[in-house]
Amino acid sequence: MKISVGAFALALAYTGHEVLAAKSTHVRGVPDADQALYQPDENGNWACLNHPDIVLPMSRINDDYCDCPDGSDEPGTSACPNGKFYCVNKGHVPGLIPSSRVNDGVCDYDICCDGSDEWAGIVKCENKCREFAAEYAKKQAEVRRTQVAGWNARAKLVAKASSIRQALQKELTQLDNQIAVSDARVVKAKEALKLAEMQSSSRVGTKGSPLLGRVKARIEEYQKATAALTDRITMLEARLALAQEILQKLNEEYNPNYNDEGVKAAVKAYQEFKESDPGDGDYRQYVDITETDDDELFSEEQIDVDPDIVEYESYIPLQWRLWIHDQKTKLRDFLVQHGLLAERKPSGETASVANAKKERDAAERQNNELKSKRENVAKDLAADFGDDDVFRALAGECVDIESGEFTYQMCFNERITQKGKSGGPTNLGVFDKIEGDKMHFSNGVKCWNGPQRSAIVEMQCGEKNKILSVSEPAMCEYFFKIVTPALCTKPPDTDTKPKDEL
């Protein structure tokens, strides 16, 4: 049987490895941190990592035969298809390569810059970790510079967003105060309009005006008489209480002996009480009910309308006058609607009613404008603009890119458009929401024989806002990649782990 040179070299490498394995417990393809998992027990045996029921002698680790279902017995060979080989890459970043690429005759410098994945010698892979480390350090320095610059730019955006939010909250408070004043103005304007309509619809003529003056004077006389009677009642109640107290005292201290001092004191007090009677007082001077018949105040000769519609409303509080007016209007509308009363013919509008309507309309218009503005401000405050409200500061800022025959423009929190060499822009979507590192735009212009256009914008950290690429993975569904300081996070002060020296 013939043996190829490559197979012979590989066999020699395996034999040499077995000899070394007997002297050392260091296992090829395993990180230093995991070497403890490959130590033999007291009998020189070892168990598969994820299948401890399978126990093997140490000599069967990296023997180019897969004994463990999880591939843990062959970390340094390509025997197990699910294995991983650890490249030390001293002086650079360590790497893990699929075990199928170990000793395959290809130098995988992108993962194993030290060439350790080709340890069998089928090909000679030079150690290029020094140059890879230099390039990596250069890239990391640029990444860190971008992170620092982006984080500083983001801090400014956060401060701007906070200022905008505070201004909106202040505006919301001001609007609430203005709306409260405006609500009162609307109520007052409506009441003034009702009052003007009531006065305009009054049918009391010129002859009724002096009559109302007499009625008012008569009411004032009754009011004075009522006040005097109230005072009289109060005084009499006080005297009655005093008399009851005297009689009670007489009852308690009474003695049949005529010369009893208690009786004498009671009698004397009673005499004083009787002598202090002020009489009926002068309350009758205000009105003599028998002198005048009130009906004569409302004789038909003095009024040009029916007596039952004379306006007493001037002496009723405005709040009740308006309520009475509303009830009368509702009753009339009900009677007209059911055919029980003829509909009133329209009459010309008085100047006072017209002016009151203008004031009401102006008050309601201003009130609606204030409430609409408040609704928009409250909606803006409640919107999600990402962590720290950072995207609020970017609202309205636009970036664009030329891709193929189109120019694409994305405006934060607004919309995305596409413009060709000729013609106007096409709306690809209106800002909808932010989810993690993605912005969603929807409800764009409908495609011909297709859906409405929409777009997803994937973001990553960058010093400035910039569109990196545009694609259309599905019909009328666009995908953007951009960089923005809004996605930057605070960079670490130092590297998490220093690199080993070469």
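The values are calculated or read from the model by the stated rules, or taken from the named source; none is laboratory data. All values reported here derive from a predicted model rather than from experimental measurement. Note that we place each Cβ from the backbone using ideal geometry, even for glycine, and neighbour counts take in every protein chain shown.
Determine if the stretch 170-183 includes at least one residue that is more than 19 Å from Asn376 (Cα to Cα), in contact (Cβ under 8 Å) with a residue 12 or more places away in the chain and either among the small types (Gly, Ala, Ser) or in a loop (DSSP other than H, G, I, E, B) (or both).
Looking through the stretch 170-183, none of the residues is more than 19 Å from Asn376 (Cα to Cα), in contact (Cβ under 8 Å) with a residue 12 or more places away in the chain and either among the small types (Gly, Ala, Ser) or in a loop (DSSP other than H, G, I, E, B) (or both).
What tally of residues in the stretch 141-157 results from selecting those that are farther than 30 Å from Lys379 by Cβ and surrounded by fewer than 15 Cβ atoms within 10 Å (Cβ to Cβ)?
Result for the stretch 141-157: 7.
Could you go through the stretch 457-465 and let me know if any residue there is over 19 Å from Val158 (Cα atoms), over 26 Å from the mean Cα position of the chain (by Cα), of a type in the set (A, V, I, L, M) and at pLDDT 95 or above.
To start, the set of residues in the stretch 457-465 that are over 19 Å from Val158 (Cα atoms) comprises 457-458.
From the residues that got through so far, the ones that are over 26 Å from the mean Cα position of the chain (by Cα) too are none.
Within the stretch 457-465 (the criterion being over 19 Å from Val158 (Cα atoms), over 26 Å from the mean Cα position of the chain (by Cα), of a type in the set (A, V, I, L, M) and at pLDDT 95 or above), the answer is no, since none of the residues qualifies.
Rundown of residues vs (1) polar (S, T, N, Q); (2) assigned by TED's automatic domain parsing to the domain that holds Asp32; (3) closer than 30 Å to Cys488 by Cβ; (4) surrounded by fewer than 17 Cβ atoms within 10 Å (Cβ to Cβ), yes/no style:
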position: Asn82; (1), (2), (3), (4): yes, yes, no, yes
position: Gly91; (1), (2), (3), (4): no, yes, yes, no
position: Cys113; (1), (2), (3), (4): no, yes, yes, no
position: Ala133; (1), (2), (3), (4): no, no, yes, no
position: Ala159; (1), (2), (3), (4): no, no, yes, yes
position: Gln169; (1), (2), (3), (4): yes, no, yes, yes
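For the condition basic (Lys, Arg) and touching a residue at least 40 places away in the same chain (Cβ under 8 Å), what is the one hit in Arg60, Arg101, Arg28?
Working: Arg60 fails: touching a residue at least 40 places away in the same chain (Cβ under 8 Å); Arg101 fails: touching a residue at least 40 places away in the same chain (Cβ under 8 Å).
Going through Arg60, Arg101, Arg28 in turn, the sole match is Arg28.
Could you grab me the full set of residues in the stretch 171-215 that are surrounded by fewer than 13 Cβ atoms within 10 Å (Cβ to Cβ) and modelled with pLDDT under 75?
Arg203, Gly205, Thr206, Lys207, Ser209, Pro210, Gly213
Which of the residues that make up the stretch 131-174 are of a type in the set (S, T, N, Q) and within 21 Å of Glu463 (Cβ to Cβ)? If you could, list the steps in order and put the result at the bottom.
Of the stretch 131-174, the ones of a type in the set (S, T, N, Q) are 140, 146-147, 152, 162-163, 166, 169, 173-174.
Result: Gln140, Thr146, Gln147, Asn152.
Considering the stretch 96-111 alone, what residues qualify as being surrounded by fewer than 19 Cβ atoms within 10 Å (Cβ to Cβ), closer than 24 Å to Leu49 by Cα and touching a strand residue (DSSP E or B) at 6+ places or on another chain (Cβ under 7 Å)?
Leu96, Pro98
In the stretch 18-42, which residues are in a loop (DSSP other than H, G, I, E, B) and either exposed (fewer than 11 other Cβ atoms within 10 Å of the Cβ) or at pLDDT 90 or above (or both)?
In the first step, residues of the stretch 18-42 are kept if they are in a loop (DSSP other than H, G, I, E, B); the result is 24-31, 39-42.
Within the stretch 18-42, Ser24, Val27, Arg28, Gly29, Val30, Pro31, Gln39, Pro40, Asp41, Glu42 meet the criteria.
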